[in-house]
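Below is one structure, written out as structure tokens; the observations come after it.
The values are calculated or read from the model by the stated rules, or taken from the named source; none is laboratory data. No experiment lies behind these values; they were computed from the predicted model shown. For neighbour counting, all protein chains shown are included, and Cβ atoms are generated from backbone atoms with ideal geometry for every residue, glycine included. Ligands, DNA and RNA are stripped out before the accessible areas are found, and what is left, the full protein with its side chains, is counted by its heavy atoms. Shrake-Rupley method; radii C 1.70, N 1.55, O 1.52, S 1.80 Å.
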Amino acid sequence: MLFEIDPMTGKKLSKEKEIWRGTGGRYPEGPHLYFKDGWYYLLIAEGGTEYAHKITIARSRNIDGPYEGCPDNPILTHCKMSTQGSQIQGLGHGDFVQAADGSWWMACLGFRRQGGDHHLLGRETFIAPVEWDKDGWPVVNGNGELQLRMDVPTLPQVECKKAPAHMDFSKDRTGHEWIYIRNPYSENYSFTGTSMRLTSNGKDLDETHVSPTFTGRRQEDIFFSAITSLTAEAGAEAGLTVFMDAGSHYEIFIEDGVVKVRYRLGEMTHLIKAKEGIGSGKVWLKVEGNEYNYVFSFSTDGLEYKRLCQMNTRYLSSETASGFTGIVLGLYATGQSGKHADFYTFDYSMIPR
């Protein structure tokens, strides 16, 4: 739908006009409009953020149409036989950009599947080269397909700043990669100079309308290791959670001197394993991820780890749990309101394959 607005106020200045319905895929959405070489190009996503996702394009000499679709639509998709075995799926929501050297590129969203047809990392950003054919239509990466590694001419490379692999929480803040569940109660988050102190507000990770005391960063790799060290006072439950949403999460935690592992799947909550006798000292909790499992272990010295159990990744995937926001590795404190836990370190690393 097209209508005119006042760019200063956003006020709608004209009636809506339908200009294109796409190629027939469901959920035609996310339009981008470009003017190039006398044409208005209309780029959209179709098929929904799943395996049928695709990017299609139409053009017109006039901004209000009529628009004709590209004869080679979709211009980018993995919903075809040649790419059904690709790890990259769900490609859509593209955007063109022209670089300073005149080259054209497309940034788009997609996901990487693992352990069969499951994905847990949420939607990720991909980029591919674009050329314009003799008829003025864009061609993405030569054949409308992407690979995890592509050998193409590029501009000079600049390494993006990554989140630190190790945090000791000695500063009075975390980085922008650390997020919360909904709007946090700021009084429950503090820094002691040697730790990040999380204080329970009596709400747990199953809450759907209020914010428990939780902060975490996204799982970025299929094969990874995450470790935190902490202490918790009596009455507090505190630990490390693999969190999809309030109805789908795993956690390893300490409660009154006992290490425990638990899962929440839908309406079912189950305690998997407990280890007695760790005392009240510092404990290291670790989760390792691979294609098929999350592996939970703990240590009382930060050197020797005892494995407790493993749980299947598929139950936290978008295909099983629904949604497509991806997994967050979270530090949390629940239990009795007012009780706290001190988190001293957090380490995240990709496990090379």
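Annotations for the structure displayed:
- Matching residues in segment 3-28 - criterion: being under 25 Å from the mean Cα position of the chain (by Cα) and exposed (fewer than 15 other Cβ atoms within 10 Å of the Cβ): Arg26
So that you can scan it fast, the table gives a plain yes or no per residue for (1) in a loop (DSSP other than H, G, I, E, B); (2) open to solvent by less than 60 Å² (accessible area, probe 1.4 Å); (3) among the aromatic types (Phe, Trp, Tyr); (4) in contact with an Asp or Glu (Cβ under 9 Å, 6 or more places away or on another chain):
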{"site": "Phe111", "(1), (2), (3), (4)": "no, yes, yes, yes"}
{"site": "Leu155", "(1), (2), (3), (4)": "yes, no, no, yes"}
{"site": "Val158", "(1), (2), (3), (4)": "yes, no, no, no"}
{"site": "Asp172", "(1), (2), (3), (4)": "yes, no, no, no"}
{"site": "Arg217", "(1), (2), (3), (4)": "no, yes, no, yes"}
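- Pairs with Cβ under 6 Å, 6+ apart, first in segment 233-254 and under 22 Å from Ser318 (Cα atoms), second open to solvent by 10 Å² or more (accessible area, probe 1.4 Å) and aromatic (Phe, Trp, Tyr): His249/Phe243; Tyr250/Tyr263
- Segment 188-207, residues that are assigned to a loop (DSSP other than H, G, I, E, B), on the phi < 0 side of the Ramachandran plot and free of Cβ contacts under 8 Å to residues at least 60 places away in the same chain: Glu207
- Any hit, segment 222-230, residues being on the phi > 0 side of the Ramachandran plot and either modelled with pLDDT of 95 or more or in a strand (DSSP E or B) (or both): no
- Residue check, Val287 assigned to a strand (DSSP E or B), at pLDDT 95 or above, β-branched (Val, Ile, Thr) and farther than 22 Å from Ile181 by Cα: no
- Residues of segment 323-351 satisfying the condition of being under 13 Å from Phe214 (Cα atoms) and either in contact with a Pro (Cβ under 9 Å, 6 or more places away or on another chain) or open to solvent by less than 20 Å² (accessible area, probe 1.4 Å) (or both): Val328, Leu329, Gly330, Leu331, Tyr332, Ala333, Thr334, Ala341, Asp342, Phe343
- Filtered residue count, segment 291-303, keeping only those that are under 18 Å from Thr231 (Cα atoms) and part of a loop (DSSP other than H, G, I, E, B): 4
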